[in-house]
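Everything below concerns the one structure shown next.
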Amino acid sequence: VVNRRRHDAKRVVRLRAQLPEWEKLTRNEFVKGVIRDGYKLEFEKGEPTPCEEKNPERIFEHTEFVDEAVEKLVKQGAVVRCSREELRCVCAIDVKLNAAGKRRLYMD
């Protein structure tokens, strides 16, 4: 089993280490910028378009698990509590069972 994050991080370091060679190969600032700084997503300016996705009905079969999983994410700092008015986009959540029957919380 490979730790994908560590594997990808090594790849980035190796690529960045070769920047002098890339500078000889290309004058393209975009390519050199991606190698040097990583790919940067460009977001549109202004307010995002509001959106709301509905949760599947089966989520209500796992309400206790969902509550516990969300509370765990809050404690880890992965998500924060906010009011309904602060939200711009509400993504659906779902519960999936893995091959061993363990529940997982999925967020789109």
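The values are calculated or read from the model by the stated rules, or taken from the named source; none is laboratory data. For clarity, every value in this text was computed on a predicted model and none was experimentally measured. Virtual Cβ from ideal backbone geometry, glycine too; neighbours counted across all protein chains shown. Keep in mind that these areas ignore ligands, DNA and RNA; they rest on the heavy atoms of the full protein, side chains included. Shrake-Rupley method; radii C 1.70, N 1.55, O 1.52, S 1.80 Å.
The table below lists the values:
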{"read-out": "Pair list, Cβ < 8 Å and 6+ apart or interchain, from segment 50-66 residues that are among the hydrophobic types (A, V, I, L, M, F, W, C) to residues that are assigned to a loop (DSSP other than H, G, I, E, B) and exposed (fewer than 14 other Cβ atoms within 10 Å of the Cβ)", "value": "CYS51/ARG88"}
{"read-out": "Segment 83-108 residues that are closer than 19 Å to HIS62 by Cα, paired with ones that are among the aliphatic types (A, V, I, L, M) and open to solvent by 70 Å² or more (accessible area, probe 1.4 Å) (beta carbon under 9 Å, 6 or more apart)", "value": "CYS91/MET107; ALA92/MET107; ILE93/MET107; ASP94/MET107; ARG103/LEU97; ARG104/LEU97"}
